[in-house]
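The values are calculated or read from the model by the stated rules, or taken from the named source; none is laboratory data. Keep in mind it's a predicted model, so treat the numbers as computed, not measured. Glycine also receives a Cβ, built like all others from the backbone with ideal geometry; neighbour counts cover every protein chain displayed.
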Amino acid sequence: MVERISFHDQISRNKLMSVFLLIGIFLVFVVLGFVIGLAFGPDYFLIIMVVAIVISLVYIVTGYYNSDKIALASVNAKKASRSEYPQYYHSVEGLCLASGLPVPKLYVMEDSSINAFASGRNPENAVICVTKGALEKLDKQELEGVLGHELSHVANYDIRFMTLTAVLVGMIAIVAQIFLRSLWWSSISGGRDRDNKAQIVFLLIGIVLAILAPIVVSLVQLAISRKREFSADASAVKFIRSPSGLISALKKIDSESVSKNTKKNISKAVAPLFISDPFKRKVQGLFSTHPALDKRINVLERM
């Protein structure tokens, strides 16, 4: 007998795991800063932190308030016409009524493959964009499954959460780059006294951490992205009260091949926003932005 999965448990488990992973990124940031402080002194560490925080704050404010506009512009999406796509509007409005969410702005992008994404800093400023392929190839139940998944990202504030994650990852990358570049400039200018053995040890540790930390936290960021997809799948089941539409839609997506139009129109920077990897990259596991579709389908079939 197949063990059944509660979508409530799945949502809670994935949210909790995402928080733990986010804490892990923060701890890497603290350890990296601590080692740099021991290697170069607190004054040098303070300068690095100030520069990293200022750059990150500019990045978060710009990205946070314009995430929807940036994502839509990057795929050349157009506002969906109610007269041309009545089922699209009816499905979203019905799901929003059932879930208590405000109705987001709806967009369509020119692409023959089945895909969709949501963006926006909160439910009041959310947008949903689907491909023409999704509107043409999915039936009503399948389309509602996809839209329920995207509305789940909105309801769970996933864009806000992922923006915070991106900022922490960006800060670590900035700190690491400043540290490594300062070592290069220090070596050119003659550097400082390196006779202190303890300082040399911490300096070497700092170099190793500065090289590995951005790689490690990027992998953690990808893990968080995959967890949020599982959580959105489970939340979609909560909204619709049935996993069958989303399962069928994911099976159709899995059977598709990548069109040349997809490769041309979608930036890899926004690929994590989509319900499935639009490039269908063969590398899975640690380096993938999305869980494997067969794993997602397997979890949904057990709900």
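So is residue 239 within 30 Å of residue 30 (Cβ to Cβ) and modelled with pLDDT of 80 or more or not?
no
Being β-branched (Val, Ile, Thr) and modelled with pLDDT under 95 narrows it down to one of 146, 130, 92, 169, so name that one.
Values: 146 fails: modelled with pLDDT under 95; 130 fails: modelled with pLDDT under 95; 92 fails: modelled with pLDDT under 95.
Exactly one of 146, 130, 92, 169 is β-branched (Val, Ile, Thr) and modelled with pLDDT under 95, namely 169.
Kindly evaluate residue 127 against the criterion of being surrounded by 24 or more Cβ atoms within 10 Å (Cβ to Cβ) and under 16 Å from residue 67 (Cα atoms). Before the answer, list the steps.
Values: surrounded by 24 or more Cβ atoms within 10 Å (Cβ to Cβ): no; under 16 Å from residue 67 (Cα atoms): yes.
The answer is no for residue 127.
Table: residues versus (1) in contact with a helix residue (DSSP H, G or I) (Cβ under 6 Å, 6 or more places away or on another chain); (2) modelled with pLDDT under 80; (3) assigned to a helix (DSSP H, G or I).
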{"residue": "195", "(1), (2), (3)": "no, yes, no"}
{"residue": "198", "(1), (2), (3)": "no, yes, yes"}
{"residue": "208", "(1), (2), (3)": "no, yes, yes"}
{"residue": "214", "(1), (2), (3)": "yes, yes, yes"}
{"residue": "222", "(1), (2), (3)": "no, no, yes"}
{"residue": "226", "(1), (2), (3)": "no, no, yes"}
{"residue": "230", "(1), (2), (3)": "yes, no, yes"}
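What single numbered condition from (1) free of Cβ contacts under 8 Å to residues at least 60 places away in the same chain; (2) under 13 Å from residue 95 (Cβ atoms); (3) in a helix (DSSP H, G or I) fails to hold for residue 148?
For residue 148, the failing item is (1).
Pick out the one residue from 118, 98, 71 that is modelled with pLDDT of 85 or more, among the aliphatic types (A, V, I, L, M) and part of a helix (DSSP H, G or I).
98
Looking at the stretch 278-298, can you tell me whether even one residue there is assigned to a helix (DSSP H, G or I), at pLDDT 90 or above and in contact with a Phe, Trp or Tyr (Cβ under 8 Å, 6 or more places away or on another chain)?
Looking through the stretch 278-298, at least one residue is assigned to a helix (DSSP H, G or I), at pLDDT 90 or above and in contact with a Phe, Trp or Tyr (Cβ under 8 Å, 6 or more places away or on another chain).
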